[in-house]
Amino acid sequence: MKATACSRIRAGLRAGLLTALGLCLGAAPAFAGDIRALVLDDRGTPLADAVVIASPVGRAPTPGPTPDASVIQDQRNKEFVPYVLAIAVGTPVHFPNHDDIRHHVYSFSPAKPFELPLYSGTPAAPVLFDKPGVVILGCNIHDWMVGYIYVSESPYFAKTGTDGTATLGALPSGDYVVRIWHPQLAADERSTAVTLAVPASGAVATTGKITLKAGFRVRRAPIPGRSGY
């Protein structure tokens, strides 16, 4: 009797484990592939600081990782660093000031209007970017300081490096609409859209060529013995 009871218990445990394993496998995401993008300007030159965004067609995106709570939009040598920061909706961003003078950071952009009055060091609380869109940063003290934060509604995005390339990795297989944004993009971001099929493994390559509008940066206002005020 004891042996029979033990056998039944072991059989029940095995069945439970197999059921749990089946549920885990059933909940696992589809096989994933990559998008490898090359972004060129209208002269065919690789373009840095372009954001490449992929949105799945006909389905909601697989939830991305929890937004990184240590994202930084720095201020160094009286400039925003990086010039373009790409983040997901719901990401808190810290704004440390590593200069030896105070800055006054602000934005009037609908996606996130905010203001950090004159300060040095790092504000105690980060700024939460809770809506998608482009946020243009400025400094009330230094007019030439301009930066951009692209807040993506999709968890699948990446920014190009100096070679004009960006890789969006581990996307569940399927069709995606891929768009490109850049601070000097002359047309609407939606005009850059193409549809790509991401394979179950490996990568699909795409090249986007975009037209840029003329860039304008306020010149630094030098004072004797210093590079700016």
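Take the alpha-carbon centre of segment 69-96, take the same for segment 44-58, and report the distance between them in whole Å. Going from one Cα centre to the other spans 20 Å. Applying the Karplus relation 6.51 cos²θ - 1.76 cosθ + 1.60 with θ = phi - 60° to segment 107-115 yields 3J(HN,Hα) values of 8, 9, 5, x, 5, 6, x, 7, 8 Hz, where x marks Gly and Pro.
Can you sort HIS103, HIS94 so the residue with the fewest Cβ neighbours within 10 Å comes first?
Values: HIS103 22, HIS94 16.
Taking fewest neighbouring Cβ atoms as first place, the list is HIS94, HIS103.
Just name one of VAL127, ALA200, SER107: the one whose Cα is farthest towards the positive end of the charge dipole of segment 102-220 (beta-carbon charges, Lys/Arg +1, Asp/Glu -1). Farthest towards the positive pole: SER107. Applying the Karplus relation 6.51 cos²θ - 1.76 cosθ + 1.60 with θ = phi - 60° to segment 77-84 yields 3J(HN,Hα) values of 6, 6, 9, 7, 10, x, 5, 10 Hz, where x marks Gly and Pro. Here's how it looks for VAL93: its modeled amide H is under 5 Å from those of VAL127, LEU128, PHE129, which are all 5 or more places away or on a different chain. Counted residue by residue at 0.36 nm each, then reduced by the alpha carbon distance between them, the extension gain from LEU118 to VAL57 reaches 17.5 nm.
Inter-label distance, ILE141 to THR45: 3.3 nm, where each label sits 7 Å from its Cα along the C-beta direction.
Taking segment 40-117, which trypsin sites (Lys or Arg not before Pro) meet the DSSP loop condition and have no more than 14 other C-beta atoms within 10 Å? Intermediate results must be reported in sequence, preceding the final value.
Details: sites: ARG43, ARG59, ARG76, LYS78, ARG102; in loops: ARG43, ARG59, LYS78, ARG102.
Of the trypsin sites (Lys or Arg not before Pro), the ones in loops of segment 40-117 whose Cβ has at most 14 other Cβ atoms within 10 Å are ARG43, ARG59, ARG102.
Hand me the chymotrypsin sites (Phe, Trp or Tyr not before Pro) from segment 164-217 located in a DSSP loop with no more than 14 other Cβ atoms within 10 Å, in residue order please. Before the final figure, lay out the partial values.
Values: sites: TYR176, TRP181, PHE216; in loops: PHE216.
Answer in residue order: PHE216.
Distance between the 7 Å Cα→Cβ label points at ALA200 and ILE72: 4.3 nm.
Report the FRET efficiency, 1/(1 + (r/R0)^6), for LYS213 and ARG102, where r is their Cβ-Cβ distance and R0 is 25 Å, rounded to 0.05.
On the way: r = 33 Å, r/R0 = 1.30.
For LYS213 and ARG102, the calculated efficiency is 0.15.
So, in nm, how far is label ASP175 from label TYR83 when the simple model puts each one 7 Å beyond its Cα toward the Cβ? In this crude spin-label approximation the distance works out to 3.6 nm.
Every number in this text was worked out from the coordinates using simple rules, so none of it is lab data. Owing to the predicted nature of the structure, the values given are computational and were not obtained by experimental measurement. No Cβ is skipped: glycine too gets one built from the backbone with ideal geometry, and neighbour counts run over all protein chains shown.
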